Amino acid sequence: MDKTTVSVDIGGTFTDIVILQNNKIIKKLKVPTTPRNPEIGVVNGINDSGVNFIVDFVHATTIATNTLLGQFGMKLPRVALITTKGFRDVIEIGRQNRPSLYDLEFTRPRTIVPRQLRFELDERTDFTGKILKSVEKNDVSRLIEKIRKFKPESVAISFLHSYLNDQNEEVVRNELFREFRYVSVSSSVAPEPREYERTSTTVINGALMPVISEYLSKLRDNLTSFGSPPISVMSNSGGLIDEEEAGINPVAVIESGPAAGVVAASIVAAKLGISRIISFDMGGTTAKAGTVTDGRIEITSEYEVGGKSHYGRMIKGSGYPVRYPFVDLAEVSAGGGTVIWLDSAGGMNIGPMSAGSDPGPVAYNRGGKLPTITDANLVLGILNEKMSGSNFSLRKDLAMKALGKLGDPVDVALKALNLVDLEMSRAIRMVTVERGIDPSEHTLFAFGGAGPQHAARIAQEMGLRNAVIPPDPGVFSALGLLNSDWKYEMRKSFPEDVQKDFRELEEALESRFRTKEFDLYADCRYAGQGSEITVKVSLPDRKKIVEEFIKLHREAYGFTLEREVEIFTIRAFGIERREKPAVEVVPKGIISTGYRNVYSKKGFVDVPVYQRSQLPPGTIIEGLALVDEPGSTTYIPENWTAEVGKIGELNLKVR
């Protein structure tokens, strides 16, 4: 029997599906996302592929983020919170961050746990981990009676200093499991200091447990007819976790989708021998940027979910902090479906609204009335009216009409593309210049359905002379899932013996997940600082870690301090390698070109259009030109060339 693996990446507009059979990719599809029931879109796509039996199912989804943002027509489940006596309001008091200092109409993010669902227990652990007051089971029983009356779907527990000693939390957890299906415990979810952030992470985890568990259950039921394959989900940190772990720790999959693209970019870059890249993923709803240096994907240990952003920067205090490892990404509201609009003064704006897949851009002819970036690219001739690789056609006349309501259609389209390119360049600056990284030393890796249309212009805006369009950019994140390994995380704060504590984390990961390979990290800071820098640990030695921290601090901030360096938290990732798909360069046929009327500096001119599937390695294309392929189009400006590389990648260079 054929060994079939299905990889699925659910985006805001399209669901990308890649079919791997006997270690060879046999089919790639893009189907519309079904936001209210995303598993339906998945099954529709699998049915279209003709697959009957699946051995392995790998998956990336943004359902966790979208639930916290109030999408999918879903309410957050009712969550109860149990804290140390005197600390039940920590979750609402938060920090002294003022997201909008001068906004008289600012409203705080809604409290996930209302006060009547926050309960206290008379227990105490001190800052050394010593139990000052143990939990009394009679107190727990009486508390459970109170909680039961409110009928919560999930219960979160966060006791003071439980990251050093989880004894009291474990007693309460065991009692709660007799009454409630979903129990989220801070010493398991986020065993780190900072009471507010740890409590917030635990509550978010508790709120998502019923949502993710129900979603995975529905997905599993829908996959029964395909042989009930095991389900693996992409985590925030760029590795796969199994279905059980995703259900227990759903905070691990909040940014599941965006992480897969960075993983894919790092793997392709390694195959091409490129050491420094900027990954740029532009889909239908958003654009994401990240960096990879010498194969190392940048990781951050804190994220704010459900908050607001200002020019791509997450506004601290506007959302819910989550202490968990995430691939370090900057995200902006700039995708193919991003809406173009005029403000009251007649100024042109883009986003943050998106047309999504329903109704989608005006050119989709599905009832959309607001012009989008896709409509602009179509009017300028960059996109073909007949979408390559499908029977779907775009209506240029409808796009012209919609853009015409804002002014001259061509003029509006040009201005909109300039705006969206600037917005996406801003995301790249956030993960390079604002991190002390020189972008000119990097190569831009552009993917996603819309990324190749903008890659060269964005590279030019950022002062980059090279950009790479990898094979199959339209389904690149789904390909990244197939190239990902299983990756599980454990951590410990305030390690006393770094080498011994790292070894204990490795042993715990091996015991629970059977992993034999490990990646190590340490969050470090100077004494007196309130934030940390994450250091990749090559050797679990305190002196080496401190030296690397000082180097990173100098690179990021331009100075060092004559202070003690504190190792705040150490993390170990247990890795289990998966078989990767073979890379094949299929012999190409005769290169044939068509022509398309595209706007240039001289006005509209006929430019050559190449089919990417026909281009053999070594082919050089002079701009102005276009390369079409299923799910995407690469735009090569007049002062650029594109050369087909050894694995079929397009290497764009400034002439």
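Can you pull out the strands (runs of 3 or more DSSP E) entirely within the stretch 539-633 that have at least 2 residues that are farther than 30 Å from ASN384 by Cα?
565-576
Matching residues to (1) in contact with a Leu (Cβ under 8 Å, 6 or more places away or on another chain); (2) part of a loop (DSSP other than H, G, I, E, B):
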{"site": "ALA467", "(1), (2)": "yes, no"}
{"site": "GLY474", "(1), (2)": "no, no"}
{"site": "LYS487", "(1), (2)": "yes, no"}
{"site": "PRO495", "(1), (2)": "no, yes"}
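Sort out which residues of the stretch 469-486 are of a type outside the set (Asp, Glu) and surrounded by fewer than 23 Cβ atoms within 10 Å (Cβ to Cβ), and write them in order of number.
Listed by number, the residues that qualify are PRO471, ASN483, TRP486.
Output the residues belonging to the stretch 541-584 that are closer than 27 Å to ALA269 by Cβ, in contact (Cβ under 8 Å) with a residue 40 or more places away in the chain and of a type in the set (Asp, Glu).
Those that are closer than 27 Å to ALA269 by Cβ, in contact (Cβ under 8 Å) with a residue 40 or more places away in the chain and of a type in the set (Asp, Glu): GLU555, GLU576, GLU579, GLU584.
Which residue out of VAL140, VAL113 is in a loop (DSSP other than H, G, I, E, B) and surrounded by 12 or more Cβ atoms within 10 Å (Cβ to Cβ)?
From the options VAL140, VAL113, the qualifying one is VAL113.
Just a yes or no: is a residue in the stretch 250-261 in contact with a strand residue (DSSP E or B) (Cβ under 7 Å, 6 or more places away or on another chain), on the phi < 0 side of the Ramachandran plot, surrounded by 23 or more Cβ atoms within 10 Å (Cβ to Cβ) and not in a helix (DSSP H, G or I)?
Yes, the stretch 250-261 contains a residue that is in contact with a strand residue (DSSP E or B) (Cβ under 7 Å, 6 or more places away or on another chain), on the phi < 0 side of the Ramachandran plot, surrounded by 23 or more Cβ atoms within 10 Å (Cβ to Cβ) and not in a helix (DSSP H, G or I).
Could you check LYS536 against (1) part of a strand (DSSP E or B); (2) buried (at least 18 other Cβ atoms within 10 Å of the Cβ); (3) touching a Phe, Trp or Tyr at 6+ places or on another chain (Cβ under 7 Å) and say which number it fails?
Evaluating LYS536 over (1) part of a strand (DSSP E or B); (2) buried (at least 18 other Cβ atoms within 10 Å of the Cβ); (3) touching a Phe, Trp or Tyr at 6+ places or on another chain (Cβ under 7 Å) leaves (2) as the failure.
Of all residues in the stretch 1-49, how many are of a type in the set (Lys, Arg) and in contact (Cβ under 8 Å) with a residue 40 or more places away in the chain?
So the count comes out to 4.
Quick check on my filter: what residues within the stretch 436-471 are under 17 Å from ILE647 (Cβ atoms) and either in contact with a Pro (Cβ under 8 Å, 6 or more places away or on another chain) or at pLDDT below 90 (or both)?
PHE445, ALA446, PHE447, PRO452, ILE469
Only one of these is of a type in the set (Gly, Ala, Ser) and at pLDDT 90 or above: GLY389, GLY381, GLY368. Name it.
Result: GLY381 is the single residue among GLY389, GLY381, GLY368 that is of a type in the set (Gly, Ala, Ser) and at pLDDT 90 or above.
For the stretch 281-303, name all the residues that are within 22 Å of GLY360 (Cα to Cα) and either in a strand (DSSP E or B) or in the same structural domain as ARG198 (by TED's automatic domain parsing) (or both).
Those that are within 22 Å of GLY360 (Cα to Cα) and either in a strand (DSSP E or B) or in the same structural domain as ARG198 (by TED's automatic domain parsing) (or both): ASP281, MET282, ALA287, LYS288.
Anything in the stretch 469-520 that is of a type in the set (S, T, N, Q) and within 26 Å of the chain's Cα centre (by Cα)? List them, or say none.
Selection gives SER477, ASN483, SER484, SER493, THR515.
For the list (1) at pLDDT below 90; (2) in contact with a Gly (Cβ under 8 Å, 6 or more places away or on another chain), I need the number of the one condition that LYS601 fails.
With respect to (1) at pLDDT below 90; (2) in contact with a Gly (Cβ under 8 Å, 6 or more places away or on another chain), LYS601 is out only on (2).
Please specify each residue of the stretch 494-508 satisfying the condition of being crowded, with 16+ Cβ neighbours inside 10 Å and in contact with an Asp or Glu (Cβ under 8 Å, 6 or more places away or on another chain).
PRO495, VAL498
Out of the helices (runs of 4 or more DSSP H) lying entirely within the stretch 1-102, which hold 2 or more residues that are surrounded by fewer than 21 Cβ atoms within 10 Å (Cβ to Cβ) and not hydrophobic (A, V, I, L, M, F, W, C)?
The qualifying helices (runs of 4 or more DSSP H) are 38-49, 63-68.
Being over 26 Å from ASN249 (Cα atoms), within 36 Å of the chain's Cα centre (by Cα) and of a type outside the set (S, T, N, Q) is true for just one of PRO152, PRO99, PRO109, PRO114. Which residue is that?
PRO99
Please count how many residues of the stretch 108-128 are over 14 Å from SER158 (Cβ atoms) and not hydrophobic (A, V, I, L, M, F, W, C).
Qualifying residue count, the stretch 108-128: 10.
In the list ALA556, ALA527, which residue meets the criterion of being within 22 Å of ILE297 (Cβ to Cβ) and aliphatic (A, V, I, L, M)?
It is ALA556.
At negative phi and in a strand (DSSP E or B) - does that describe any residue in the stretch 397-407?
So far as the stretch 397-407 goes, no, none of its residues is at negative phi and in a strand (DSSP E or B).
Just need a number here: residues in the stretch 495-526 that are in contact with a strand residue (DSSP E or B) (Cβ under 7 Å, 6 or more places away or on another chain), under 27 Å from ARG554 (Cα atoms) and of a type outside the set (Gly, Ala, Ser).
Here the count works out to 10.
With the checklist (1) modelled with pLDDT of 85 or more; (2) touching a Gly at 6+ places or on another chain (Cβ under 8 Å); (3) among the hydroxyl-bearing types (Ser, Thr, Tyr) in hand, flag the one item SER354 doesn't pass.
Among (1) modelled with pLDDT of 85 or more; (2) touching a Gly at 6+ places or on another chain (Cβ under 8 Å); (3) among the hydroxyl-bearing types (Ser, Thr, Tyr), the lone unmet condition for SER354 is (1).
For the stretch 129-183, what are the residues that are of a type in the set (Gly, Ala, Ser) and closer than 19 Å to PRO114 by Cβ?
SER154, ALA156, SER158
The values are calculated or read from the model by the stated rules, or taken from the named source; none is laboratory data. Quick caveat, the model's predicted, so the values are computed rather than measured. Glycine also receives a Cβ, built like all others from the backbone with ideal geometry; neighbour counts cover every protein chain displayed.
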